[in-house]
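So the structure is just underneath, and the comments pick up after that.
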Amino acid sequence: MGPVSRLPSDNGADEAGRHNRDYSEGPVWHAESKRWLVEVRYPDSKRKRRRFRRQREAQIWWSEQRRAIENGTWDQVARAQVLRKLTFGELCDTYRTWAKANLRSYENYAKVGLKFWEERLGRQTGLEKLNPQWIESIKSAYSLTVEPATVDRKLEVLRAMFNWAIARNLMPGPNPMKGVKLFRPNNELVRYLSTDEYAAVLEAASHERWHVRPVIELAANTALRKRNILRLRWDECDFNTCVIRVTKTKSKKTVTIPMTDAALDVLNRVRGKTGKYDYVFCHLEGPQEGQPLGDIKKSWKAVLKTAGINRPFRFHDLRHSCASHLVMSGASLMAVKEILGHESLKTTMRYAHLSPDYVAQEVKLLDKVLPKVEHRNAAKAKSTKKAARS
């Protein structure tokens with residue numbers, strides 16, 4: 001049964017003195033205009049008011065709006081109107097401009113992800129046509145050709161863009177990615193190269209372009225991320241104290257890494273080629289002379305193939321390889337944490353199992369705090385043996 005509408009007196013005194021009418025129970029009669037007034041407040045805090053000559057019409061409209069709010073369909077018409085204003089390509093362009101200036105990961109993640117979705121969804125596609133089912137189908141097909149972590153990175157870019165657009169009222173909610181779950185693979189697996197495998201990788205890299213082997217050697221000897229190496233500047237390399245100070249890191253903290261003899265040798269060799277430029281690894285000629293080099297993805301794949309590394313091994317795993325060999329050689333986890341620039345020791349603990357003595361030494365701490373209690377039978381045998389001697 002619908003709510004009962006209020007019909008105030010015709011003298012208008014009550015209406016004149018009442019600025020905040022109560023519309024929560026349905027239409028309200030306004031004597032001066034001789035109209036039924038209806039006001040509906042929506043979940044997004046917006047409100048809509050209408051006037052009707054007949055109470056029945058006012059009651060029907062009010063009931064329809066309340067039912068739409070309860071069913072969650074109250075914004076479908078408005079949402080469709082807003083979504084038709086932008087195509088998917090136009091939204092990507094808008095987000096791309098913002099991401100270039102605000103996201104450090106733009107080159108490696110957002111830029112690549114936006115291009116991927118523009119190709120799959122189409123730049124001319126209206127935003128009102130996007131839905132979780134379509135995105136889920138693309139996710140499933142893509143997962144058959146690449147690692148789950150790669151699929152997740154693409155999905156994260158799309159979700160971030162939609163959230164960004166909703167927050168700026170470029171499109172209403174909900175996010176078209178709602179309900180699309182990420183694979184979230186276990187990243188606790190630590191991959192590292194054996195001594196022989198590392199030697200084979202360096203030999204294979206020697207046959208690639210001049211910068212490929214030095215980049216790999218620095219990654220294996222400093223645990224720096226690929227982007228930090230390719231954007232490394234000479235003013236970040238202190239040859240007097242033999243340390244590398246990187247300021248633009250993932251954690252946004254300056255990381256100081258001591259140079260190993262191998263790292264120092266690499267930098268000295270490269271300095272003969274690029275020492276006059278700002279960047280350690282840069283273009284030596286052409287219109288981009290002096291500018292940092294791009295990715296080495298194709299060269300890395302060629303190196304792995306030539307070296308006979310058949311198992312999945314990413315360039316980023318060289319960072320894990322460096323940390324793994326440090327731990328296996330006896331380096332403390334706190335030292336490895338500082339070298340890798342981890343904010344929490346919890347992240348570094350993924351390498352703890354590689355240290356054969358780490359857990360054993362930690363358990364031995366109990367000997368210092370717990371009293372030694374002899375077993376009852378052992379104590380009895382000891383007493384019997386003492387009596388026999390006497």
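The values are calculated or read from the model by the stated rules, or taken from the named source; none is laboratory data. Computed from a predicted model, the values in this text were never measured in an experiment. Because the Cβ atoms are built from the backbone with ideal geometry, glycine has one as well, and the counts that use them run over all protein chains shown. Quick note on the areas: whole protein, heavy atoms, side chains included, nothing else; ligands and nucleic acids left out. Shrake-Rupley method; radii C 1.70, N 1.55, O 1.52, S 1.80 Å.
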Go through the residues of the stretch 185-198 one by one and say whether even a single one is touching a Pro at 6+ places or on another chain (Cβ under 6 Å), surrounded by fewer than 14 Cβ atoms within 10 Å (Cβ to Cβ), part of a loop (DSSP other than H, G, I, E, B) and not aliphatic (A, V, I, L, M).
yes
Can you pull out every residue in the stretch 113-131 that is surrounded by fewer than 15 Cβ atoms within 10 Å (Cβ to Cβ) and in contact (Cβ under 8 Å) with a residue 12 or more places away in the chain?
Gly122, Arg123, Gln124, Gly126, Asn131
Would you call Asn221 among the polar types (S, T, N, Q), free of Cβ contacts under 8 Å to residues at least 60 places away in the same chain, open to solvent by less than 60 Å² (accessible area, probe 1.4 Å) and not in a loop (DSSP other than H, G, I, E, B)?
no
Of all residues in the stretch 232-271 being acidic (Asp, Glu) and within 33 Å of the chain's Cα centre (by Cα), the one that is surrounded by the most Cβ atoms within 10 Å (Cβ to Cβ):
Glu236
For the subset of the stretch 157-175 comprising residues that are within 18 Å of the chain's Cα centre (by Cα) and not aliphatic (A, V, I, L, M), which member is least open to solvent (accessible area, probe 1.4 Å)?
Phe162
Every residue from the stretch 287-314 that is farther than 22 Å from Val146 by Cα and of a type in the set (Asp, Glu)
Glu289
Just the residues that are open to solvent by less than 70 Å² (accessible area, probe 1.4 Å) and either closer than 15 Å to Ala223 by Cα or part of a helix (DSSP H, G or I) (or both), please, taken from the stretch 326-335.
Leu326, Val327, Ala331, Leu333, Ala335
Members of the stretch 45-69 that are surrounded by 14 or more Cβ atoms within 10 Å (Cβ to Cβ), closer than 21 Å to Glu32 by Cα and of a type in the set (Lys, Arg):
Arg50
Which is surrounded by 13 or more Cβ atoms within 10 Å (Cβ to Cβ), outside any loop (DSSP other than H, G, I, E, B) and of a type outside the set (Lys, Arg), of Glu203, Glu208?
Glu203
Go through the stretch 238-262 and give me each residue that's farther than 21 Å from Phe315 by Cβ and either modelled with pLDDT of 95 or more or not basic (Lys, Arg) (or both).
Asp238, Phe239, Asn240, Thr241, Cys242, Val243, Thr247, Thr254, Thr256, Pro258, Asp261
Can you tell which of Thr87, Thr73, Thr94 is surrounded by fewer than 15 Cβ atoms within 10 Å (Cβ to Cβ) and either within 30 Å of Gly122 (Cβ to Cβ) or at pLDDT 85 or above (or both)?
Thr73
Residues that are among the polar types (S, T, N, Q), open to solvent by 20 Å² or more (accessible area, probe 1.4 Å) and not in a loop (DSSP other than H, G, I, E, B), drawn from the stretch 300-325
Thr306
What number of residues within the stretch 7-43 satisfy the criterion of being modelled with pLDDT of 50 or more, of a type outside the set (Gly, Ala, Ser) and farther than 16 Å from Trp61 by Cα?
8
Filter the stretch 27-65 down to the residues that are under 24 Å from Pro174 (Cα atoms) and in contact with a strand residue (DSSP E or B) (Cβ under 7 Å, 6 or more places away or on another chain) and list them by number.
Val40, Arg41, Arg47, Lys48, Gln65
Is there a residue being surrounded by 12 or more Cβ atoms within 10 Å (Cβ to Cβ), more than 21 Å from Glu217 (Cβ to Cβ), hydrophobic (A, V, I, L, M, F, W, C) and modelled with pLDDT of 65 or more anywhere in the stretch 336-349?
yes
Evaluate the following for Lys154: is it open to solvent by 20 Å² or more (accessible area, probe 1.4 Å) and without any contact (Cβ under 8 Å) to a residue 12 or more places away in the chain?
no
Reported set for the stretch 275-299 where residues are without any contact (Cβ under 8 Å) to a residue 24 or more places away in the chain and either open to solvent by less than 20 Å² (accessible area, probe 1.4 Å) or under 20 Å from Ala220 (Cβ atoms) (or both) is Cys282, Gly290, Lys297, Lys298
